[in-house]
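Encoded as structure tokens, the structure appears first; notes follow it.
The values are calculated or read from the model by the stated rules, or taken from the named source; none is laboratory data. Only a predicted model underlies this, so the values are computations on that prediction, with no experimental measurement involved. All Cβ positions, even for glycine, are placed from backbone atoms using ideal geometry, and neighbour counts span all protein chains on display. Side chains included, ligands, DNA and RNA excluded: accessible areas come from the protein's heavy atoms. Shrake-Rupley method; radii C 1.70, N 1.55, O 1.52, S 1.80 Å.
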Amino acid sequence: MPLPTNPLQMVHLGPRKKRPRQMGASMVCPPHDIKFQDLALYILEKKMGTTRRAFLMELARRKGFRVEDELSDSITHIVAENNSGSEVLEWLQGQNLKASSQLELLDVSWLIESMAAGRPVETTGKHQLVKRDYSASPNPELQKTPPLVIKKISQYACQRRTTLNNCNQIFTDAFEVLAENYEFRENEVFCLAFMRAASVLKSLPFTIISMKDTEGIPCLEDKVKCVIEEIIEDGESSEVKAVLNDERYQSFKLFTSVFGVGLKTSEKWFRMGYRTLNKIKLDKTLKFTPMQKAGFLYYEDLVSCVTRAEAEAVCMLVKEAVWAFLPEAFVTMTGGFRRGKKIGHDVDFLITSPGSTDEDEEQLLPKVINLWERKRVDSGKCSQQEGKTWKAIRVDLVMCPYERRAFALLGWTGSRFERDLRRYATHERKMILDNHALYDKTKKIFLKAESEEEIFAHLGLDYIEPWERNA
Ligand code: 8DG
Ligand code: CA
Ligand code: CA
């Protein structure tokens, strides 16, 4: 039988009356050859209806696709129509599948395109109802089909995988502005509420498109839900707009952009009536700390983000200097760059050396700084800004004893993830975790670890890779 040019439109035409289904002999499909052995499709009936589903199944089979009647662990692609990512995930949670599956959850548009092409077309973002970005993973297998984790979303960031692929940026950007404003107003409770909400939404593999999608998601307080609802309806939040136009917010944002300026100093300058940095710099009665002086001096350089290429160049310089004193030392870039970020506000390094003494550890950083200071003077690159060929970059250097390196690495890789790891340790495991150690309060012992994996294991947590810690 020749296929109509657009067979899918056919079923939309005409009134769609519900007829009693007859599973007569005419409905039994003849066997079709399977052309694509690697794929096993399951078409979701929910919101599609029995008739259309049966029609699509038959059509796909005729085109050589393997389409299964039942859902099982062997299914590779689930195709749905008129379902959001969260709806399909919710439905999946009720099915008896493995907690971590290689499934693709796709919109029917993928199947339609594939049938038209006569082969399975590549799945792209527009087809994927649930997005998984594992491009930062060093594992090529994971890059192809990352596992779909069908689990209840935890209130702890350390039990979620958060890549840099944020499907809900429109919401998280809004929350971050509100959280920052509450921070400026020293309202810790609301600040934390919006930060946690931003963190949880960043971990979602789907975009929130209706309030129904927020069901079952932890850390979304009423105040947060109101903002989500407004953004869904109007495309923006009136509260965020007001904050962005608020004089206090704008001033604090500007003042804290100076290295070494925190809330206390900003508050002081704001109360003194200052609104611009130029006026502050010219005020001879103000005393600036050495950090603030550097902050003003290198302001333009420091507000521009550090790129990965710049971070790599800094890494070479750090290694060179460190190895001049401790040739065995390991130098690891931590912070946002270790989590796969392409830009940062500074570059963080962890330095550790097997066999180093307490004295070595104490003296290394002063020695490194001293070396750089001498080089700077020798090269004549002082604070002169005219026609300069260099850029000031903030660098955080951390030196730790070799036995503590796993704890330091975990701590300095950071993000909200790290804070929730500590919260989890305290509240769920009766343990104390910091950048140096893990203490078990029940057993009254310090737990040793040679790697981050071992710390996760002590805490009874699944290991989360650095690039999945962008909470
Ligand atoms: P960015 O530079 O890309 O903007 O972000 P980041 O790399 O994630 O943040 P960061 O401010 O450079 O901090 C990196 C991690 O260092 C942070 O998540 C937690 C950790 N950290 C500590 N102690 C301290 C501290 O005393 N000050 C700062 N700034 N960070 C600390 O463990
Ligand atoms: Ca950093
Ligand atoms: Ca830092």
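Of note:
- Filtered by the rule that a residue be open to solvent by 80 Å² or more (accessible area, probe 1.4 Å) and either among the hydrophobic types (A, V, I, L, M, F, W, C) or within 16 Å of ligand 2 (Cβ to nearest atom) (or both), region 344-371 gives His345, Ile369.
- Those residues of region 282-314 which are open to solvent by less than 90 Å² (accessible area, probe 1.4 Å) and over 13 Å from Ala392 (Cα atoms), in sequence order: Asp283, Leu286, Phe288, Thr289, Gln292, Arg308, Ala309, Glu312
- Any chance Trp91 is among the aromatic types (Phe, Trp, Tyr), in contact with a strand residue (DSSP E or B) (Cβ under 9 Å, 6 or more places away or on another chain) and surrounded by fewer than 21 Cβ atoms within 10 Å (Cβ to Cβ): yes
- Residues being closer than 25 Å to Ile343 by Cα, within 16 Å of ligand 3 (Cβ to nearest atom) and modelled with pLDDT of 95 or more are entirely absent from region 447-463.
- Consider region 97-124 and keep the residues that are open to solvent by 40 Å² or more (accessible area, probe 1.4 Å) and farther than 20 Å from Leu59 by Cα. The one that is farthest from the chain's Cα centre (by Cα) is Lys98.
Conditions (1) modelled with pLDDT of 90 or more; (2) under 36 Å from the mean Cα position of the chain (by Cα), marked per residue:
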position	(1), (2)
Met27	no, no
Leu39	yes, yes
Met57	yes, no
Gly64	yes, no
Asn83	yes, yes
Gln95	no, yes
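- Residue check for Thr352: within 16 Å of ligand 1 (Cβ to nearest atom), among the hydroxyl-bearing types (Ser, Thr, Tyr) and touching an Asp or Glu at 6+ places or on another chain (Cβ under 8 Å): no
- Pairs, first over 21 Å from Met399 (Cβ atoms) in region 333-348, second more than 11 Å from ligand 3 (Cβ to nearest atom) and part of a helix (DSSP H, G or I), C-beta under 6 Å, six or more apart: Arg339/Pro466; Arg339/Trp467; Gly340/Trp467; Lys342/Arg308
- Taken over region 383-433, the residue count meeting the criterion of being in contact with a Lys or Arg (Cβ under 7 Å, 6 or more places away or on another chain) and either over 24 Å from Ile343 (Cα atoms) or away from ligand 1 (no atom under 14 Å from the Cβ) (or both) is 5.
- Count of region 224-254 residues which are of a type in the set (Lys, Arg), open to solvent by less than 70 Å² (accessible area, probe 1.4 Å) and free of Cβ contacts under 8 Å to residues at least 40 places away in the same chain: 1
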